[in-house]
Structures are given as structure tokens and as C-alpha cells.
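A.B. asks: After the C-alpha cells below, expect a handful of questions from me.
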Amino acid sequence: MFSLCSFNSRRRASSTWIASWLMQHLVLCVFVMAVAHGQVRYSIPEEMTKGSLVGNIVQDLGLDVKRLKSGRARIFTEDSREYIGLNVDKGTLIVKERIDREELCAQVSPCSLHFQIILENPMELHRIDVEILDINDNSPLFTKKEIHFQISELAIPGARYSLESAKDPDVGLHSLQTYKLNPNDNFMLKTLSHIDGTKYVEMVLQRPLDREKQAEYNLILTAFDGGTPPKTGTLKINVIVLDANDNAPIFTQSVYTALVAENAAKGSVVLQLSATDADQGTNKDVTYSFSESSSSVIDIFTIDPTSGDIIVTGILDFEKNKKYELNVVATDRGGLTDTAKVMVEITDVNDNAPVINLISFSSPLPENSAPETVIAMLNVKDLDSGKNGQVRCLINPSLPFRIRQSASNFYTLVTDELLDREKISEYNITITATDEGSPSFSTNKTLNLKISDVNDNAPVFQRQSYTAYVMENNSPGFSVLSVKAHDKDSGNNARISYFLEDILVNGVSASTYVSVNAESGEIIAVRSFDYEQTKEFNIRVKAQDGGNPSLSSNVSVKIIIQDQNDNAPQVLYPVQSGGSVVAEIVPRSADVGYLVTKVVAVDVDSGQNAWLSYKLQKATDRALFEVGLQNGEIRTVRQVTDKDAVKQRLAVVVEDNGQPSRSATVNVNVALADSFPEVLSEFTDFTHDKEYNDNLTFYLVLALAVVSFLFIVSIIAILSVKCYRWRRERMFYKSGANLPVIPYYPPLYADVGGTGTLQHIIRKMFSLCSFNSRRRASSTWIASWLMQHLVLCVFVMAVAHGQVRYSIPEEMTKGSLVGNIVQDLGLDVKRLKSGRARIFTEDSREYIGLNVDKGTLIVKERIDREELCGHKSPCSLHFQIILDNPMELHRIDVEILDINDNSPLFTKKEIHFQISESAIPGARYSLESAKDPDVGPNSLQTYKLNPSDHFTLKSLSRPDGTKYIEMVLQTPLDREKQSEHKLILTAYDGGSPPKSGAIKINIIVLDANDNAPSFTQSVYRVSLPENTPLGSLIITVSATDADEGTNGDIQYSFSQSSHSVSSIFDIDPSNGEIIVKGNLDFEISKYHELDIEATDKGGLTDTCKVLVEMTDVNDNAPVISLMSFSNSIPEDASPDTVIAMVNVKDVDTERNGQVKCSIAPHLPFKIKSSATNFYSLTTDQLLDREKISEYNITITATDEGSPSFSTNKTLNLKISDINDNAPVFQRQSYTAYVMENNSPGVSVLSVKAHDKDSGNNARISYFLEDIFLNGISASTYISVNAESGEIIAVRSFDYEQTKEFRIRVKAQDGGSPPLSSNVSVKIIIQDQNDNAPQVLYPVQSGGSVVAEIVPRSADVGYLVTKVVAVDVDSGQNAWLSYKLQKATDRALFEVGLQNGEIRTVRQVTDKDAVKQRLAVVVEDNGQPSRSATVNVNVALADSFPEVLSEFTDFTHDKEYNDNLTFYLVLALAVVSFLFIVSIIAILSVKCYRWRRERMFYKSGANLPVIPYYPPLYADVGGTGTLQHVYNYDVCRTTDSRKSDLKYVRPCSESIISLDTSGTQTLTHAQREKLNSDDSFDQVRLDYKIHSSVFLQ
């Protein structure tokens, strides 16, 4: 704000109005700044010594000590007493008098001293707030030392008792903060606050009192303030507890447990219960009884009402009921009760023998029955429980059988070892069932078992494996081999059939290679084999007998293919092309044995069929050359002479060693010459060479494009494959799917022919779980073991079938359908009949029957669920359906669903209770339970009590699931409201529609003193003027008590929290009238809060509040305090300029304290409120000292009370003169012209301004405003003389760079603050001719010859060409003219003066020279003019060859072609090299990744890497013409993670060709467990690069 004001105060306009407007805002800013500075605030603690430092006012207000002294700084305060002083010499505030915060502000917080620091010249007002911080110098204090209460033990929790409040004059954290009651077991404190913020407390009964436990309570009430350390005050509270009958009987245990044997005699004592009552007299007597919920056991047990003995009166049977739950009630004479549970557990006695039921028995039994084969199914039942019901079944241990428990009450007799019918054909098995009771009981049962014969031998091959050899190119149907197997069984079981197992050979089914005769076992070839494709393969033949089930075995057959010589040799080098001639150059100086070249050939056959020999079939001179028989090297056999022809043609035959042998012929051209030109002249001519060069260029460009394309495509393909692999792996890893197990069979590496070519054979084999499950060994033991598991599976299946379940409702008619057992078990009617299907049940009574003809279950007898199961749920009938041949056991469960055919029923019609109205909520009263034989949703579900205003129901459940209820007092009873309650208890079941039963409950409420007084209003409000006389009645409070007699008498009093107002008001204790007792003053306290307490004779209380609001009376006149006054102001003071600051105060409130200040309306001033209680006297319009130089201003302050009061104050003001005019330029804008290339320092223009002020205010200075021209400061272009206003050029201008620019010049006077104005100056740069023309066409080059061709038949005026030129100058300096300076024949051409067109001026003749050279001058129109010259070559010719022969020669063109060919070859080599390097880099990265992954995923054995190194064909002649061939074979699988790469570089027929072919087979990569096989994955990349140079 300060910077804004100071900035605005310096700005002045040129007119008087603008100057006045600025002065107004300047003065307003000064005033606002003064108010804003009033926010300086300090905080000091109370009780500081005199002279203590409060704050550095100079530093905090941004002033200095000189300003305080010059401004006559002083403190203005609204109070007469000054606590803070100002040290003008140091610029600090100090404590002037002792400050007591409690005396100064009492309970007002925050407590602050407000005053203003006033400075003059100029006027400043700084508002200062000094907050007085409280220190903890006062302790909380109670007016009394001890208080007493008498409280009945029937007092309801929540009853409130007013306590005296402590007083603490401190505020904030040091004031009274908390109260603490000790001990606080039964009482708690509730802290409340008055409207003025002071705290008071009430003691609230938290828990019921019990006189029997504690008859008197001595409490300490402690008040704490928030000081550090805190200070306290204490008050003793004595509470006497009045006695009442409030204790119910209490059992010594809530749950009693007793054990009774099922054979206990009648009259036996089960248990003795005991309950005590803390009351005395008759209230202490207790009687015992069974609750209504235990009515079902009264025919078995009884209880002595006096002693609490529980006695057996009925017959106990463990098998019928194992546990009884008794609910016992203890009741005193006052009707209070307690309940306890008695859990009677019946112990079992061993009085039942086991019963063995034979469910199923299989006889005879096959001799090959595996161990664990089920022979019989038994059901063993013992009605006893525990050890008495635990049964063990045993058989003779010498028998090859054993018995085991398969399920509850079910046993299976199974084989324990392999049987042999030839040894023992019959067994008698005795089963003994014995329980573990004492004494124990046992039962025996004997079974007769016969053994039958079965097929138990599998076929066995004569050999463990077979090997067969087949010559390739065999005829389909050729017999390869015969296999034979035999079976020890006889008859149909010994009849053997042969089958070929379906496995994969080289990715296709083995059946596409061979077939097997099912009867004889002969293996026949289905196709003709090719050794080069398949060298060997394995198959498996299975032999299967005719038994049921059939047995089989298999054998491995290895078929090896033998090679035939069916492939002729293939010549790799030299390459034969159709129209090309490939020649090997031999110098004539070659010695004998000189290596001319080497014929390289291969044969894909193996062995001796691949051995090659080389022979010279024919030659131009057979005496000159010979061919190596084994290596194919062509060497000279004599010295080359000059007579030998340059051209030599050799025919070489390459023959293999097969029977019959095969051969191939290759032609070799040899040139006998010492230099390349000799060869070139012999084999071709120049015309052909030129054509060759053209073709070579074309093919080189084509090859470069193809290689580049293949390079890019390969990179994209590799990236695509990697992305595909990554996505596929992500899919498998996320899905968690189990991948098939693919075992890995390592590849077979064979080098058969010795030719150095490594053969790589890889086989994949897939093994399926279904195939493994059919595999059988040849031994009898394995067959028996499999049979054991087969029979075991059959038994498990039989048990699993027992899970069939049906649900039917009770009371269905006989013959009703239960379920279709045939359909649900997946059987048919024939199976039921053949298996003699029957039902087995453990009970003697059969409710369900089996209709064998239809395969259905039907109702055989009427089913009553309540009779069958009682309250047991779910209620099910369990039985088994047994079938023979083979044995099957199906367990069937039929659930009997309940229907709602019974209603809830109470044994009594009405019950009665007498309950005191002082009964505590939560008191429980046992009710009779209803009985409903139904279960589930149809059973007893809910109870409903109506009406339920005071009581609620609590539903409980017994262990058997039946429900019983208790009636719980929910809200306290009030006899005064209702002395009798009639309730209806209704029991509902869950049927649809529900059924119900009801019982009446009659409750008589006994009277008690339980009503506290109640005020008619909780808050009373009254308004009272401050001049109300003493003794005046304010208001009457009233409370009522519903009790009668002395309990209804009420006394009124002020509560402990209203002690502070007892000196002002008084209350009548009998009628509640409140009167004025002391003096009222609105200015001291605006309202009073009274807490009134009404108390009955029983000590019960109620409280209310009386809020007394004081109204103000106008009894104070306004007071005007002059805070600051400027007795002289400048004449240009703007409107709202502050002249004086006054403080107006009226201690009254509202309209009585609202003050209006006014002055005479004809004066050019006004007075307005700037803040609360502050007014500012300001100018209302512009002043003129020449008219009026002095004013007397009277300020009148008037309040709005009735009657109103007013105060006057007069001020004398003088007006002074100031500088209020800004400089003004003679023109609004200026324009100046400057010629380019001027001298720095030249005068451009002079500007002039004048100022209406005089003296120093009229002295004008000129400045150049800092603006940017073309990105740089304007001061780099021109400068301005500060005194004269002359504008001077600082630099030389260039019209082509800057044509014009603008600047601003500021004129500023010498006033304080200075005023200024500015003017715009436009400077225009004029052009000079300082640039020569520039020729654009024809373009002039250093060594090139550019010629325009003119036909000799051209007419007069023929346009030869056009000279195009430009000039960067403008105007006439840019006008161009064209002239012909010189020419070979000036009479033949002319140049257009304006357009530069060169035309012929006559007909061209044959005599005119072909070469014509013209010199054209281009000249501008400047002063002085500038020019440029251009040479134009013209060729007079009708065809291009004439021009070419005249201007240049063919050597240049040929050299160009040679350079082009060289760069094309270089580009092709670079791209090919990058292609190969990229592939190698990618493969290297893959190998590196594989090795890194191998460290973490290691599975199976690593396959060895067997690199193949082919023979190196050395160039022993040293001529460098022989190309090397490199072959690399590397095998890769997912186990080894190696790459299979094959590089071959044979010769090609192309001049320069790149043949890239790749075959990539990617098998799905899998992650397997450590013990699983790795899947096969082969990647093979073959790259072939062929290059050769041919001359034609």
C-alpha cells in the first residue's frame, strides 16, 4: 500500500484537474496507510515492572527516530489512564504503570490495550494493540469447605445434584479448566458453562447405589486451572445412602453341571442348588422352582423349593436322550428373582450287543483279484455310545483277507494278497464284532467264498527290440520285418493281434511310413523311402490278446534307410550363366603348376556315392592344362608361350563313385593375357562395353534397392516375431494353463559320407496320459497289481453313489413317488433285476419301498415327521440299495420335510406379576414357553408382547434349538401414570399362513417415591431496564412434583453456579419469586444468568435457567477527541484529502451510542466515519488559495438517544501554494527524414515543451524513453540533448535494413515531485544507390559450360534466352537496363534494354561459328549508377552431338560412368555389410539372453554344441581369384537355447547378387518343472550370399 501511494503521488498530468485528482488519491492513500498501520500488535504478560520494553515501534512501523521527533509523535488513548508510554528518543514502547489483567479486564479475553500513535507533517495515524497475557497467579477457590447429600439407594442413574462452582479470576488456559471427582465409582461430573463462559458442574448418579455394599460416600471435588504447574482448589462432599429392598437372590453359580448314569434309581439326588439374598428379614427368604421353560422335564426331575435339591422322578435312557437342560428360578419375598441353568448329562451303560448285517457278498471270486478287492459289505450296529458303542471287526489272521471300516457302521471284507485258485479254491471266513464296553459284547458271522479262474497273462515278444534295413527308393508294399509274440493263456485269451502305435515320425504319423499285419505281425513299407530325407526312424508295435479285458505289450522297431546313388554331383564353382562369359586370367609369365582356378562340386548322397573325382574332358589345348583328380584344381602343365591363343576353353567332368556312377560337366573359360585391355579387346568391343556399363549401372542400382529392402523387411520381421513371442508367453504365464508334457529326445548327429557335411536329425515324440494308462508289463505281478486298483476304484465308485438324496413332505399317501432311482443312479431296469436290487435299512421299519419293475422309490408306510424325529432337523431316512454281479452299494437319503400341522400352545391361560415402580430397567421375569412340535420355518419362530411400552421380550434358545423367553423391563414403571398393565404374549410359528397361541399377563405396579420436581419451563427470559428500582419483582418460577404428601413439597434456591448474582437478585424459597436486590448498570453487565434449583423432601431436584437481559438508557453524551490536525494544506489538495482525525466516543449502546458528526454544509469539506469511533475531516472539492486562504470548521457530534446529547469542536485551517502543472510539447507528434549512410552525430530534429509553473518547477529536461527497435534499445540509434531537446543520430543508418522507426521523448520539469509528458517522433530513412544489380540467370559456375542452343534455321527475332537480374535498392535506384557489351558476332544478336531478352537480329548462316560468346551488362538508374556483367554461351547447331563435340569430349562422360559404378558398388557393399552385422548382432543378443535365463531355468541335460568345420579350399596360387565358402551348422533346442545357423556362400550367375533366404520354425516355448522334459524348439536360419564378377 505504501509503495502504491508513493508511486501514485509522483505522477502528475498536465492539466489542473488531473493534478487535483492525483492529490485527492494521494491524501486518501496517506489516510488508508495510517489506518493500515494500526494493525501493529504486541503481546506482553501482566505484572511486568515499570519501564519494561513492550516493542520497537520505529522498526515495526518502518519509521526512524527523526520522524518521531519531527512529527511530534504522541500516544492517544480513549481511557484516562495510560499503562503504556512512548520513548521518543529510542523509538520504543515501555510499561508506564503496573498492569493487572484481572483488574483491567476481569474475565474478558483477549485483554488488550488499544491506543494510537499520532505523527504530523505529514499526518500519520498508527493504531497499536497491546495484548495483556494472563499469568497463572490465582488458584480456583470454593466458598464452602464441605457439603452434604442424602440419597436413596433407589435413586435412578442420571439423577443430578448441583454443586458449588469454584472461582478463578484468571482466563484462557490459566482459568478454571476441569473438575475431578474422587472416587468416581458411582458418580460422575457434568461440566456446564454460563453464557459468559464460566464453568459450573453437576454431580450425576452414574450407577445405582447399594447400601448393602457401601452406606456412606466421602468424595473430594477438585477444580483445576490450566497453568503450568496447574493450581487447584478442593471441596468435600459427604453422601449418605438410604436403605431399600433392592437386592435379588443370586445363585452361587450361573450354570451347574451334573452327571447321572442312565440306570440311576428314582429318588436319587442329582444336585443341590444354592442362592443368597443380601437383604434382611423376610426379603432374604428364597424359594426354588423350575421356570416355565423347563416344564418338559417335570415328569423326570423335581426340585425341593426350600433346599434346592434336584431329584430323579422318571426313567432315564441314554439312547433316547443324552442331555437335559433345567432352568431354575430363585425368588425372594419382594418378587425379585434370579435364574440358573442346570446341565444334566446322562452317561451311557453298556447294555447292547453289536449286530452284524450282511449287505452284499461276491462269490465266486476271480483268482487274479488284486489286493484290496472287495468281497463283502457288512453293517455293524451297536446302540450304545462312547467306548460301549465302539465296535471292532476281526477275522482269522492266517487267511489272505482282511476286514476294514469303510464308513460309519460299515465294514468291507477285502483280499489282502494275490490268490491262486489252483492252490485253494474255497475259504470259510468267520467275522467277529466286539464292542469295547465293560463287560464287552460280541457277535460272529461266517461266509463261504469260492475262487474262479481268469485271463491273467499278457503277450510277450520274442525280442526286446527289433532293427531292420531298407534300401531307399523301395517299392511300396515291400516287407520290412516280421515280429512275433506268445501268450501263456489258452483259447481266446491266447489269440494275439498286432497293431502299429500312432506316433509321429518327422512330424507326420508313423502309419504313413509302414503298416503291420494284425494276424502275422509282418511290417510292410507304405511308401518309397528317400535316404536324403529320412535316414532312420523308430516305430512301436503292440501285441494284444483276446481276453476281456484284453492285455497287451509293445516293442520298439528301428528301421534304417540305406543310401543309393540317385543324385548327380552339383557344380558350385565356376557358376554357369546363360549369356555371360566368366573368364579366369592367367598371365603369360605363369610357371608350370600355376593354379588357374578350382572346380568346386558337392553330392548330396553319402558314403562312397558322395566321393567325387574330376577329369578334363576336352580343352582348346589339352597339353597346357590338367585337373586334379580329387580336388578339382586346374593347373598349368607347361610354360605359357606367345603362340598360345588368348581364349582357352576347358570342359571338366565331375563324377561320383556310385554304382552306376553319375556325373556333371562344367565349362571353364581361361584368358592368357598380362593386362586387362588385352582380355577386353579379345572378348568384346567398346560399343558392347558401353552397353555393359549401362546394364551394370542398372543392375547395381537394382541390387542395392533389393538388398536394402530385404534388410528392412528382415528387421521388421524379427521385431514382429519377438513381439508375438512376448505376447504369447504373457498369455500362458497369466492364464496359468497347464501345457502338454512334450518329452525331448536328443538329436542324432551322423556324418555318413565323409564329405564334411554334418547331417542333423531331430525327432519329436509326444506321450499322452491315456497311452501310459494302457501300458502293461509282461509279468503276472504287474497285472495283479493293476487288477487290485481296478477293483478298489469299483468300490470307491459304489460308496460315491450313496450320495443320492431326495426330499419329500411328511404325511404323503402310501404309494406316492419318491424318486426315479434308475435315472438318478445312471442304471436301467434290467440292471436292477439282474443285480437282485433290494433295500437295506438299519431300522426294522421300512417307510420307503423299491419298485424294481419301474425303477422307482415309493412311500411304503405313512410318515409322521414329529413321531419319527421329534425336534431333530433335518429328519432323514437312511438306507442302501444293494446290487450283485458286480457288487454295488448305493446310499440313499430321503429327507422328510415338515409341514405346518401344529400350532404353538401355552399350558396356562393367564399369569400375574407384582412389580415395584422402582424396579430397575433390565430386570428379568421368566415366562412360560409355548410348545410347537413342528421344526424349521414351521416351528415356533417369534413371540410378540402387546403392548410393549415398558417391557420387551428377550428370546433365548436351548441346546436342542427350542426357544424360551424372558420379559425384560425396558423403561421404568410409573404408578402415578399407570398402576396396572395388562399384556398379551403371542407365540407365532413360521408357517404360511402362520399359526399362533396366546397367554395373558397381568402386572400390578407398586408405588414408590420416584418423581423429582419439574419446572414448567426449562428457560425463563426477562428484559429489564438498567434503572429498575430495588425490590422490583422480576419473574416467578414454578415447579410441580407428581408425588404426594411431603414428597410433593418443593423449595426454591439459587444453585451453586449462581452464587455471583446473589448480591443483585434474591428468590423466595416457597413461591419462587425473584426480586431486584442490588444496583443494575447496563454498561457494566448487559445480561445475567440465574440457575434456579427446585428440591423435594426426598432430595430429588430439578433446575432451570433465568436469563435477565438488561436494556440501555441514554445517560451519556458523546466525547470528541482531536487525534491529529494539519493546519495548512496545499491548494491542489485533491478531494478526500484528510485534514484532521477525531475520535468520538459514547459509552451508551445501540441508538443511544450511535453518534453522527457534521459540519457546516457550505464549506468545501466533509466529515465521514473511517472506522469504529473514528472520523476523518476531508476536502470535498478542489481548493484555490487565491480565493480563500483560511477556513474555520466546527464539528458537531450528536447521538441518537431520546433525549439526544451533542458536543462541538472548532478547527482553523490555512491553504498553501504548490507546483501543479506538467510540461506541454508544441506539437502532438514529430516527423524527421534522414538519408541512409549518414555520419554518426548528425542532428535529426529538435523538440520543444513549455511549463506554466515558474522557477524550478518550470525548468524542463528532455529524456529518451527506453524502447526497443528491431530487438535492440532505441538509445543505440539516436540520443536526445537533455537541455535543448535536440535529437542526434548515434549510428549510420541502412535503408535496406531499417526504413523507418519511432521513438518517444519525455519532457520533465524540476518540481518535487517532478511532472512530465512525452511525444512520439517518427524518423524515416531515405534510400541511396549503394547496391549493384545481381544476375539470377544464367547462373555462372566455375568449371561448367552452360550453352543456349539456337538452331541454324532460327528466324529473325528468335528468343535465345533471357538475362534475369534484381537490385535490392528501391525506387529509381532499382530500375535496371540491359546492354550488349561484346559478342563474337555483334551483328547476330541484340539485348532488350528493359527486359534483358537476347534475340537474333538476322538469319543464322552456315558460316556462323558454332560457339558464340556474349557479354551482357546490367546497369541500375542510381546516381552514380552501378552495374554487373554476365557471359552467355550460345551454340548454333541443329543436333546435340554437334554441341557435345564442340564443347567437351567423351572422356569426361566415361569417367563419370566409372565413378558412378564405383559408388554404386560401394553402397551395395556397405548395405550388405550392415545387413549381415545386424543379423549377427541379433543372434548374439539371443544367445546372451538364453545364457542368462539358463542360470534360473535349468532343466534336463544340456545338449552338446557340435559345430561343423568344413574343409577350407586354399588359394595356393596367390592370384586372389578363388572365392572361399563357409558353412556353419549349429543345433538349437529349448533345452540348450543354442541357435541353428547355416551360412553358405556359393557363386551366382548374377553380376553382383544377394540371395537371402531364411526358414524359421518356432515351436512354442514352455516353462516346465525340474523333473519334466523340455519341449523341442528348432530355429534354423540359412543365409546364402553369392557374389561374382563377370566380364563379357
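A.B. asks: Which condition breaks for GLY936 when tested against (1) at negative phi; (2) surrounded by 15 or more Cβ atoms within 10 Å (Cβ to Cβ); (3) touching a Ser or Thr at 6+ places or on another chain (Cβ under 8 Å); (4) not basic (Lys, Arg)?
C.D. replies: Of (1) at negative phi; (2) surrounded by 15 or more Cβ atoms within 10 Å (Cβ to Cβ); (3) touching a Ser or Thr at 6+ places or on another chain (Cβ under 8 Å); (4) not basic (Lys, Arg), only one is false for GLY936: (1).
A.B. asks: Which residue is most open to solvent (accessible area, probe 1.4 Å), if the candidates are limited to region 130-156 and must be among the hydroxyl-bearing types (Ser, Thr, Tyr) and within 20 Å of ALA223 (Cα to Cα)?
C.D. replies: THR143
Table: residues versus (1) part of a loop (DSSP other than H, G, I, E, B); (2) not basic (Lys, Arg).
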{"site": "THR49", "(1), (2)": "yes, yes"}
{"site": "GLY55", "(1), (2)": "no, yes"}
{"site": "GLN59", "(1), (2)": "no, yes"}
{"site": "LYS69", "(1), (2)": "no, no"}
{"site": "PHE76", "(1), (2)": "no, yes"}
{"site": "ASP79", "(1), (2)": "yes, yes"}
{"site": "GLU82", "(1), (2)": "yes, yes"}
{"site": "GLY85", "(1), (2)": "no, yes"}
{"site": "ASP89", "(1), (2)": "yes, yes"}
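A.B. asks: Go through (1) open to solvent by 30 Å² or more (accessible area, probe 1.4 Å); (2) farther than 30 Å from ILE1218 by Cβ; (3) at pLDDT 90 or above; (4) among the aliphatic types (A, V, I, L, M) for ILE1278 and report which single condition fails.
C.D. replies: (1)
A.B. asks: I'm trying to understand the selection: among the residues of region 273-285, which are modelled with pLDDT of 90 or more and in contact with an Asp or Glu (Cβ under 9 Å, 6 or more places away or on another chain)?
C.D. replies: Answer for region 273-285, where residues must be modelled with pLDDT of 90 or more and in contact with an Asp or Glu (Cβ under 9 Å, 6 or more places away or on another chain): LEU273, ALA275.
A.B. asks: Give the residue that is farthest from ASN493 (Cα to Cα), with candidates limited to residues of region 429-459 that are hydrophobic (A, V, I, L, M, F, W, C) and modelled with pLDDT of 90 or more.
C.D. replies: Only one residue fits best here, namely ALA433.
A.B. asks: Would you confirm, using the coordinates I've provided, whether ILE132 is touching a residue at least 12 places away in the same chain (Cβ under 8 Å), farther than 21 Å from SER1053 by Cβ and touching a Leu at 6+ places or on another chain (Cβ under 7 Å)?
C.D. replies: Against the criterion (touching a residue at least 12 places away in the same chain (Cβ under 8 Å), farther than 21 Å from SER1053 by Cβ and touching a Leu at 6+ places or on another chain (Cβ under 7 Å)), ILE132 qualifies.
A.B. asks: Within region 1249-1257, is even one residue basic (Lys, Arg), modelled with pLDDT under 90 and either crowded, with 17+ Cβ neighbours inside 10 Å or assigned to a loop (DSSP other than H, G, I, E, B) (or both)?
C.D. replies: Yes, region 1249-1257 contains a residue that is basic (Lys, Arg), modelled with pLDDT under 90 and either crowded, with 17+ Cβ neighbours inside 10 Å or assigned to a loop (DSSP other than H, G, I, E, B) (or both).
A.B. asks: What are the pairs, 6+ residues apart or on separate chains, where a residue within region 651-667 that is in contact (Cβ under 8 Å) with a residue 40 or more places away in the chain and within 18 Å of ASN631 (Cβ to Cβ) has its Cβ under 7 Å from a residue that is acidic (Asp, Glu) and not in a loop (DSSP other than H, G, I, E, B)?
C.D. replies: SER663/GLU655
A.B. asks: Scanning region 1365-1390 for residues that are outside any strand (DSSP E or B) and in contact with a Lys or Arg (Cβ under 9 Å, 6 or more places away or on another chain), which turns out surrounded by the fewest Cβ atoms within 10 Å (Cβ to Cβ)?
C.D. replies: Out of the qualifying residues, it is ALA1387.
A.B. asks: With respect to the numbered conditions (1) touching a Phe, Trp or Tyr at 6+ places or on another chain (Cβ under 9 Å); (2) without any contact (Cβ under 8 Å) to a residue 60 or more places away in the chain; (3) of a type outside the set (Phe, Trp, Tyr), which one is the sole condition not fulfilled by ASN321?
C.D. replies: That leaves (1) as the condition not met.
A.B. asks: Given (1) closer than 25 Å to THR282 by Cβ; (2) part of a loop (DSSP other than H, G, I, E, B); (3) not basic (Lys, Arg), identify the lone condition not met by GLY227.
C.D. replies: (1)
A.B. asks: Here is a list: LEU1006, LEU969. Which entry is under 30 Å from PRO921 (Cβ atoms), touching a residue at least 40 places away in the same chain (Cβ under 8 Å) and open to solvent by less than 30 Å² (accessible area, probe 1.4 Å)?
C.D. replies: LEU969
A.B. asks: For region 1287-1322, how many residues are open to solvent by 40 Å² or more (accessible area, probe 1.4 Å), part of a strand (DSSP E or B) and either without any contact (Cβ under 8 Å) to a residue 12 or more places away in the chain or under 30 Å from ILE1218 (Cα atoms) (or both)?
C.D. replies: Qualifying residue count, region 1287-1322: 5.
A.B. asks: Now for a different question. Name the residues in region 431-442 that are of a type outside the set (A, V, I, L, M, F, W, C) and either open to solvent by less than 60 Å² (accessible area, probe 1.4 Å) or within 60 Å of the chain's Cα centre (by Cα) (or both), would you?
C.D. replies: Selection gives THR432, THR434, ASP435, GLY437.
A.B. asks: Can you pull out the residues in region 581-638 that are under 30 Å from GLU472 (Cβ atoms), among the charged types (D, E, K, R) and either in a strand (DSSP E or B) or free of Cβ contacts under 8 Å to residues at least 24 places away in the same chain (or both)?
C.D. replies: Scanning region 581-638 gives a single hit, LYS615.
A.B. asks: For region 252-280, which residues satisfy the criterion of being free of Cβ contacts under 8 Å to residues at least 60 places away in the same chain and either under 12 Å from ILE303 (Cα atoms) or polar (S, T, N, Q) (or both)?
C.D. replies: THR252, GLY267, SER268, VAL269, GLN272, SER274, THR276, GLN280
A.B. asks: Answer yes or no: is there a residue in region 299-315 that is at pLDDT 85 or above, buried (at least 19 other Cβ atoms within 10 Å of the Cβ) and over 16 Å from SER274 (Cα atoms).
C.D. replies: Yes, there is a match, as at least one residue in region 299-315 is at pLDDT 85 or above, buried (at least 19 other Cβ atoms within 10 Å of the Cβ) and over 16 Å from SER274 (Cα atoms).
A.B. asks: Then there's this: Any chance you could count how many residues in region 629-655 are open to solvent by less than 20 Å² (accessible area, probe 1.4 Å) and among the small types (Gly, Ala, Ser)?
C.D. replies: Final tally of qualifying residues: 2.
A.B. asks: Which one of the conditions (1) part of a strand (DSSP E or B); (2) under 22 Å from PHE361 (Cα atoms); (3) at pLDDT 85 or above; (4) of a type outside the set (S, T, N, Q) does GLY819 fail to meet, given that it meets all the rest?
C.D. replies: So the condition that GLY819 fails would be (2).
A.B. asks: So, of the residues in region 479-514 that are among the hydrophobic types (A, V, I, L, M, F, W, C) and surrounded by fewer than 16 Cβ atoms within 10 Å (Cβ to Cβ), which turns out to be nearest to VAL526 (Cα to Cα)?
C.D. replies: Ranking the qualifying residues of region 479-514, first place goes to VAL508.
A.B. asks: While we're looking at this one, here's another question. Taking the options ASP299, ASP348, ASP317, name whichever one is touching a helix residue (DSSP H, G or I) at 6+ places or on another chain (Cβ under 8 Å) and either at positive phi or charged (D, E, K, R) (or both).
C.D. replies: None of the others qualify; the one that does is ASP348.
A.B. asks: Still on this model: List the number of the failed condition for LEU219; all other conditions in (1) surrounded by 15 or more Cβ atoms within 10 Å (Cβ to Cβ); (2) closer than 21 Å to SER918 by Cα; (3) without any contact (Cβ under 8 Å) to a residue 40 or more places away in the chain hold.
C.D. replies: Tallying (1) surrounded by 15 or more Cβ atoms within 10 Å (Cβ to Cβ); (2) closer than 21 Å to SER918 by Cα; (3) without any contact (Cβ under 8 Å) to a residue 40 or more places away in the chain, LEU219 fails exactly one: (2).
A.B. asks: Could you count how many residues in region 1346-1364 are small (Gly, Ala, Ser) and either under 19 Å from ARG1426 (Cβ atoms) or outside any loop (DSSP other than H, G, I, E, B) (or both)?
C.D. replies: Residues in region 1346-1364 being small (Gly, Ala, Ser) and either under 19 Å from ARG1426 (Cβ atoms) or outside any loop (DSSP other than H, G, I, E, B) (or both): 1 in total.
For (1) surrounded by fewer than 17 Cβ atoms within 10 Å (Cβ to Cβ); (2) closer than 22 Å to ASN1212 by Cβ, each residue gets a yes or a no:
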{"site": "ILE1084", "(1), (2)": "yes, no"}
{"site": "ASN1116", "(1), (2)": "no, no"}
{"site": "SER1121", "(1), (2)": "yes, yes"}
{"site": "SER1126", "(1), (2)": "no, yes"}
{"site": "ILE1139", "(1), (2)": "no, yes"}
{"site": "ASP1148", "(1), (2)": "no, no"}
{"site": "ARG1151", "(1), (2)": "yes, no"}
{"site": "ILE1167", "(1), (2)": "no, yes"}
{"site": "ALA1171", "(1), (2)": "yes, no"}
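A.B. asks: Another one. Can you confirm whether region 1184-1198 contains a residue that is open to solvent by 70 Å² or more (accessible area, probe 1.4 Å), assigned to a loop (DSSP other than H, G, I, E, B) and within 20 Å of MET123 (Cβ to Cβ)?
C.D. replies: Taking every residue of region 1184-1198 in turn, at least one turns out to be open to solvent by 70 Å² or more (accessible area, probe 1.4 Å), assigned to a loop (DSSP other than H, G, I, E, B) and within 20 Å of MET123 (Cβ to Cβ).
The values are calculated or read from the model by the stated rules, or taken from the named source; none is laboratory data. Computed from a predicted structure; not experimentally measured. In this analysis, Cβ positions are derived from the backbone assuming ideal geometry, glycine residues included, and neighbour counts consider all displayed protein chains. These area figures cover heavy atoms from the full protein model, side chains too; ligands, DNA and RNA do not enter into them. Shrake-Rupley method; radii C 1.70, N 1.55, O 1.52, S 1.80 Å.
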